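Below is one structure; the comments refer to it alone.
The values are calculated or read from the model by the stated rules, or taken from the named source; none is laboratory data. Note that the structure is a prediction, hence the values are computed from the model and not measured. As a convention, Cβ positions derive from the backbone with ideal geometry for all residues, glycine included, and neighbour counts pool all protein chains shown. Areas reflect the complete protein model, heavy atoms only, side chains present, ligands, DNA and RNA absent. Shrake-Rupley method; radii C 1.70, N 1.55, O 1.52, S 1.80 Å.
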Amino acid sequence: MFDQVELDRELFAALGRVDAEIARAVRDDGCGWCGGRLHRGDYPRKPRGALIAAAGEAQVVRFSFCCGREGCRRRTTLPSLRFLGRRVYLEAVVLVASVIALIRDAERGTGREVGVPPRTLGRWLGSSHPESYTARSRS
Ligand SMILES: [Zn+2]
């Protein structure tokens, strides 16, 4: 069942369009600190899609803005449906892999199925997940 999970290009294109809409709304609101005009300051990302979202690895730009007002110049990084903070994996991978791991509960092979190392999955799931518990007890 889970070996058929693959997030396709259309999904990531749709998530990219939503991120673009968020970017337009944030730009229109201006700088959150001083109200100054925002300028595009996108930055490159090299996200991992693991085995379930290789199509998402083409999402290489995270939208961001820099304030144009002298004395402020603060960066505004937007909320995103594609990227989860600074995590190297795509947000969809984090969500789907975590859900699969939770469904399988103490499953040992989940990392192989989605291409995410068990230790990383354990970190995403917190200390209640058996893999993270095992990883901690080894170190
Ligand atoms: Zn500003």
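General remarks:
- Here Glu57 clears all of (1) closer than 22 Å to Gln4 by Cβ; (2) part of a loop (DSSP other than H, G, I, E, B); (3) of a type in the set (D, E, K, R) except the condition numbered (2).
- Residue count, the stretch 21-76 (criterion: hydroxyl-bearing (Ser, Thr, Tyr) and either within 15 Å of the ligand (Cβ to nearest atom) or not assigned by TED's automatic domain parsing to the domain that holds Glu10 (or both)): 2
- Elements of type helices (runs of 4 or more DSSP H) contained in the stretch 70-139, each with 1 or more residues being hydroxyl-bearing (Ser, Thr, Tyr) and modelled with pLDDT under 70: 110-114, 130-138
- Cβ-Cβ under 9 Å pairs, at least 6 apart or on other chains, the stretch 18-44 side open to solvent by 70 Å² or more (accessible area, probe 1.4 Å), far side away from the ligand (no atom under 16 Å from the Cβ): Arg40/Ala23; Arg40/Phe63; Pro44/Val60; Pro44/Val61; Pro44/Arg62
- Test: Ala97 is closer than 28 Å to Arg123 by Cβ and assigned by TED's automatic domain parsing to the domain that holds Gly122: yes
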